[in-house]
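Let me begin by presenting the structure, written as structure tokens, before commenting on it.
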Amino acid sequence: MNAVIQPGRLCGTAAVPPSKSAAHRAVLCAALAAGTSHIGNLEFSQDILATLGAVQQLGAKVERGEHDLTITGRGGAEGFPTVTRPVFCNESGSTLRFLVPVFSLTAQKVRFTGAGRLMERPQEIYAQLFERQGLRFEQNAQGITIFGRLCPGAFTLPGNVSSQFISGLLFAAPLMEADSTIEVRAPFESRSYVDLTVDAMQRFGVKVTARSRKDGTAVYKVAAPQRYTAADLTVEGDYSQAAFLAVLGSIVGDVSVSGLEPASRQGDKVILDILKRCGAKFEAKGGTVSFRRSLLKATEIDLADCPDLGPVLIALGCFCNGATVIRHAGRLRIKESDRIASMQEELAKMGGCVQADGDTVTVTGGALHKPQVPLAGHNDHRVVMSMAVAALAAGVPVTIEGANAVNKSWPGFFEVLKNLGACVETEETEG
């Protein structure tokens, strides 16, 4: 699908979609729980559908509503059903990494498959862990195969890896036959995502003890065996998606974002602090934040705990006076696309200046112009949404090829822009 975007005046209020991070966690905990859980405020993006399909292979029963789920969990670590077909994770890193340790508890040979770049993304942490326990872990371009049940014990992980590995071990640990300790060495990046995992587990009745050492190392202790218990919850709004509207509103003004939890522990909530440092003017009332047109200035940004914000912050830098410096950006290279290279390539078509040096990205502010050729989506939802924001903020017409990538996390993104007054036409393409 291509999206053709024309400049226009924007104003109004838009509700953000539910947090994909929180939804993944709630679905998995409910699937492992004894009893029936109800999860409200869901958007069935491709990533969430991948997790739903996977947990049904674990034995959970799922009933879908329009924006909610009823899940009857399998209720323990005994008697997993036979896994008769590959677990398809589509392009969802969360689905894959959360479920590898859990599926290992079936003690069966399990094959994971995916789409896009998923099977190219690094999984060395699990490969080493399985090898140390004498278990099978094989990865190639077609998928990952595991065989053998993970044993409890003391796990030590570096803090600069994806938090999804840490969360995956945490989800499985209470279903093992004895206690486990997971030590995450300093510096601990993306800790806020692990906090979301612990919160979800505790809401479903599992006790996790977390403490920090003076050197920044974190230690999680999980007693076992424990049982997840059913719970009802409503998924909060997604700050990582709100960031697209927040950046757009800070540049053009008159945009409000609703559906946000002021007390949220999402690491991506830092978008509001970043925008404030850039000089953005906004007012928060309850779960709604209203943005005014602002003259923005460059700042330094640390992506260690909020990597999902990377693409839209690179776009933001184009509208800030001075040079925006984004540090700890290296992990952007191993997402759905190489997000640094993708944003460099597409913004360059509009006259943007983005330079990369190792893990640091520097964006020099300046006027963007109409591109002479279509923009490419790079099969990456956050790249597509960031380029749409850049085009609307610059007031230039663009065509974005591969715009259907937004279905991975926010299928209604372009409708939201239309409701704010943007002129967006989507056209299906062959292939």
- Task: Would you check if there is a residue in region 165-179 being among the charged types (D, E, K, R), in contact with a Gly (Cβ under 7 Å, 6 or more places away or on another chain), over 22 Å from Ser21 (Cβ atoms) and modelled with pLDDT of 95 or more?
- Result: no
- For region 406-421, name all the residues that are open to solvent by 10 Å² or more (accessible area, probe 1.4 Å) and among the aliphatic types (A, V, I, L, M). Val416
- Only one of (1) open to solvent by less than 10 Å² (accessible area, probe 1.4 Å); (2) of a type outside the set (S, T, N, Q); (3) in contact with a helix residue (DSSP H, G or I) (Cβ under 9 Å, 6 or more places away or on another chain) fails for Val219. Which number is that? (3)
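Output the residues belonging to region 138-168 that are under 17 Å from the mean Cα position of the chain (by Cα) and aliphatic (A, V, I, L, M). Outline the logic, then answer.
Just the residues of region 138-168 that are under 17 Å from the mean Cα position of the chain (by Cα), to begin with: 160-168.
Correct list: Val161, Ile166.
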- Note on the structure: Flagged pairs (Cβ under 6 angstrom, 6 or more apart or on separate chains; first in region 416-427, within 11 Å of Leu10 (Cα to Cα) and in contact (Cβ under 8 Å) with a residue 60 or more places away in the chain; second in a helix (DSSP H, G or I) and open to solvent by less than 60 Å² (accessible area, probe 1.4 Å)) are Ala422/Leu392
- Please specify each residue of region 174-194 satisfying the condition of being in contact (Cβ under 8 Å) with a residue 60 or more places away in the chain and either touching a strand residue (DSSP E or B) at 6+ places or on another chain (Cβ under 8 Å) or among the aliphatic types (A, V, I, L, M) (or both). Leu175, Met176, Arg191
- Query: Are there any pairs, at least 6 apart or on different chains, whose C-beta atoms fall under 7 Å, with the first in region 309-338 and without any contact (Cβ under 8 Å) to a residue 12 or more places away in the chain and the second of a type in the set (Asp, Glu) and crowded, with 24+ Cβ neighbours inside 10 Å, and if so, which?
  - Reply: none
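How about region 53-78: which of its residues are closer than 19 Å to Leu150 by Cβ and touching a residue at least 12 places away in the same chain (Cβ under 8 Å)? Please lay out each step first, then the result.
Step one: filter region 53-78 for residues closer than 19 Å to Leu150 by Cβ, giving 54-55, 57-59, 74, 76-78.
Answer for region 53-78, where residues must be closer than 19 Å to Leu150 by Cβ and touching a residue at least 12 places away in the same chain (Cβ under 8 Å): Ala54, Val55, Gln57, Leu58, Gly59, Arg74, Gly76, Ala77.
Of all residues being part of a strand (DSSP E or B) and at pLDDT 95 or above in region 140-154, which is surrounded by the fewest Cβ atoms within 10 Å (Cβ to Cβ)? Just the residue, please. Spell out how you get there, then give the answer.
Step one: list which residues in region 140-154 are part of a strand (DSSP E or B), which gives 140, 143-147, 154.
Right, trim to at pLDDT 95 or above and you get 143-147, 154.
Numbers: Gly143: 18, Ile144: 23, Thr145: 16, Ile146: 25, Phe147: 15, Ala154: 10.
Among residues in region 140-154 that are part of a strand (DSSP E or B) and at pLDDT 95 or above, the one surrounded by the fewest Cβ atoms within 10 Å (Cβ to Cβ) is Ala154.
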- Return the residue satisfying two criteria in turn: it lies in region 122-134 and is open to solvent by 20 Å² or more (accessible area, probe 1.4 Å) and not hydrophobic (A, V, I, L, M, F, W, C), and of such residues it is nearest to Pro152 (Cα to Cα). Gln133
- Inter-residue pairs, beta-carbon under 8 Å, first without any contact (Cβ under 8 Å) to a residue 40 or more places away in the chain and in region 83-103, second part of a loop (DSSP other than H, G, I, E, B) and not small (Gly, Ala, Ser), 6+ apart: Val83/Thr106; Val83/Gln108
- Which of the residues that make up region 218-267 are closer than 20 Å to Lys207 by Cα, among the hydrophobic types (A, V, I, L, M, F, W, C) and in a loop (DSSP other than H, G, I, E, B)? Ala223, Ala224, Ala230, Ala231
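The values are calculated or read from the model by the stated rules, or taken from the named source; none is laboratory data. What you see is a predicted model; the values in this text were computed from it and never measured. When we count neighbours, we look across all protein chains shown, and the Cβ atoms used for this are built from the backbone with ideal geometry, even at glycine. Protein only, heavy atoms only, side chains kept; ligands, DNA and RNA dropped before computing areas. Shrake-Rupley method; radii C 1.70, N 1.55, O 1.52, S 1.80 Å.
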